[in-house]
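First up is the structure itself, then whatever we jot down about it.
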């Protein structure tokens, strides 16, 4: 088994557990938001002025409420897929647009506020920042409704119900955008970790190669060396006799610088003392 496989195994073994945990958290958050969202939309639809018959209204309300158990029945693994969250946000956007239109609230200020909330969800850097801006936006929209409202308007209650609908949608879009940001940060962190592990593995491999090259270049002598007691030649593995200098150069990294010792100087040159002066 290679070193890369050993390094990758702990991460691949940990990834499914972390993915399931994140999917469960995402599922719980979106189910709560979807429940509140469906209830508020149903209330907005039932208590607003529209030209639909009672059976049609009941069928639409029942359809919106059935989305909650349908999402509860969805497997946890499905919530970890990015396309599923995007599809859920898109479906809620279409549903909200249709409800606003059918409930008679298709005014330009309502749609403008609604799509500004979507724009804020896509551009803000955090969920807290998004919610603060959306609450400010909804407060401005409520002030517009309050100043322009007529006390005899029969649809005043339905118009005021737009505010909680917008706040619920702001929370929903903010949570979805926050989840996408966290997923991207986790993926970026995972890529950084993989890059660091790969670099560490490459550095370790380089050090191992350098060590192996260094060991290969080192020649050591060990065991018994057959050497002549007279001429001091050494016999190699092939049976050839060679000077000890030649043998050591071949089997080690040692080299020689020849000279002559004082004892041999006295033997070769009896008239010269060890330091090179002639005798009297």
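The values are calculated or read from the model by the stated rules, or taken from the named source; none is laboratory data. Only a predicted model underlies this, so the values are computations on that prediction, with no experimental measurement involved. With ideal geometry, Cβ positions are generated from the backbone for all residues, glycine too; neighbour counts draw on all protein chains shown.
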Review point. Which one of 113, 67 is more than 14 Å from residue 42 (Cα to Cα), part of a helix (DSSP H, G or I) and in contact (Cβ under 8 Å) with a residue 24 or more places away in the chain?
Key: 113
Check your understanding: Has region 114-136 got any residue that is closer than 15 Å to residue 163 by Cα, at pLDDT 85 or above and surrounded by fewer than 12 Cβ atoms within 10 Å (Cβ to Cβ)?
Key -> yes
Review point. Assuming residue 159 fulfils every condition listed in (1) modelled with pLDDT under 85; (2) farther than 25 Å from residue 114 by Cβ apart from one, which condition is it?
Key: (2)
Practice item. Determine, yes or no, whether residue 248 is surrounded by 11 or more Cβ atoms within 10 Å (Cβ to Cβ), at pLDDT 70 or above and assigned to a loop (DSSP other than H, G, I, E, B). Key: no
Check your understanding: Among 86, 58, 91, which is the only one that is over 29 Å from residue 186 (Cβ atoms) and either in the same structural domain as residue 180 (by TED's automatic domain parsing) or part of a helix (DSSP H, G or I) (or both)?
Key -> 58
